[in-house]
1. Quick one: in region 114-136, of everything that is within 19 Å of PHE8 (Cα to Cα) and either among the hydroxyl-bearing types (Ser, Thr, Tyr) or out of contact with any strand residue (DSSP E or B) (no Cβ under 9 Å at 6 or more places or on another chain) (or both), which residue is nearest to ligand 1 (Cβ to nearest atom)?
2. Could you list all residues from region 147-175 that are of a type in the set (D, E, K, R), touching a residue at least 24 places away in the same chain (Cβ under 8 Å) and assigned to a helix (DSSP H, G or I)?
3. Just to be sure I understand, how many residues within region 63-104 are within 14 Å of ligand 1 (Cβ to nearest atom) and of a type in the set (S, T, N, Q)?
4. Can you name the residue in region 80-99 that is part of a helix (DSSP H, G or I) and open to solvent by less than 10 Å² (accessible area, probe 1.4 Å) and, of all such residues, is farthest from GLU116 (Cα to Cα)?
5. Looking only at residues that are within 10 Å of ligand 2 (Cβ to nearest atom) and either assigned to a strand (DSSP E or B) or under 9 Å from ASP66 (Cβ atoms) (or both) in region 8-22, which one is most open to solvent (accessible area, probe 1.4 Å)?
6. Tally time: how many residues in region 34-51 are modelled with pLDDT of 90 or more, more than 16 Å from the chain's Cα centre (by Cα) and loosely packed, with under 13 Cβ neighbours inside 10 Å?
7. Looking at region 71-84, I want the residues that are of a type in the set (Gly, Ala, Ser) and have a partner that is open to solvent by less than 80 Å² (accessible area, probe 1.4 Å) with Cβ atoms under 9 Å, at least 6 apart or on another chain. Which pairs are those?
8. Just a yes or no: is a residue in region 128-135 of a type in the set (Asp, Glu), open to solvent by 40 Å² or more (accessible area, probe 1.4 Å), more than 20 Å from PHE45 (Cα to Cα) and part of a loop (DSSP other than H, G, I, E, B)?
Amino acid sequence: MSERDFIFKICICGDFAVGKTSLIKQYIEKQFEKEYKPTLGCDLFRSDIDIEQDAKKIHCRLVFWDIAGQEKYLQVRPLYFQGCRGALMVYDTTRPETFQNITDSWLKDFKGNVREDTSYILIGNKVDLEESRLVSTDKGRELAKKINATKFIETSAKTGDKVKEAFKSLVIAILKQFGEIR
Ligand code: G3D
Ligand code: MG
């Protein structure tokens, strides 16, 4: 079996309080290492994942860039996105304005600052709050199609529902983009 190593910078995008930090923590569980970069206004988290496919074992180190409290400052975003290989675009299914801001703000900035072929998936978070839901699954799916997201997944960072799947599918999309797997 052949082995390859990669390091990917992953950006977690979305308005304040959509659940970006909670998603990362839920994914990484207890083994997370956090490093705050005050000059960047970002927390960095690290996590490793092995993808086995086509008789290949691909070892990926993921470095998550979590924008911390500076979500609304557009001028910090070019630095935030520099060198980004993949992104999660996260909205809160109970707050339609966060859904709107994916297209009005986050995606626009992302596209303007990363290579054209950079993968991203759309995440509708907080599905455990079903009684407060204001953005339907159909609307999410429709948006993912419109913006050409690799995938659309609804998650709960609280219960952990679909969180692992979301991160893994992003890594697979990046590896496909790199031609490492089919
Ligand atoms: P952010 O990093 O995008 O700013 P956070 O968002 O991860 O800090 O989450 C913001 C608040 O939403 C937190 O509540 C967090 O616990 C909550 N939250 C995040 N994801 C979910 C989810 O899937 N379901 C529910 N019910 N709540 C979620 P507090 O009260 O700590 O501010
Ligand atoms: Mg946060």
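The values are calculated or read from the model by the stated rules, or taken from the named source; none is laboratory data. Please read these numbers as outputs of a predicted model, since none were measured by experiment. As a convention, Cβ positions derive from the backbone with ideal geometry for all residues, glycine included, and neighbour counts pool all protein chains shown. Keep in mind that these areas ignore ligands, DNA and RNA; they rest on the heavy atoms of the full protein, side chains included. Shrake-Rupley method; radii C 1.70, N 1.55, O 1.52, S 1.80 Å.
1. Only one residue tops the list, namely TYR120.
2. Matches in region 147-175: LYS164, LYS168.
3. 5
4. My answer is THR98.
5. That would be THR21.
6. 1
7. GLY83/LYS9; GLY83/VAL114
8. Yes, the conditions are met somewhere in region 128-135.
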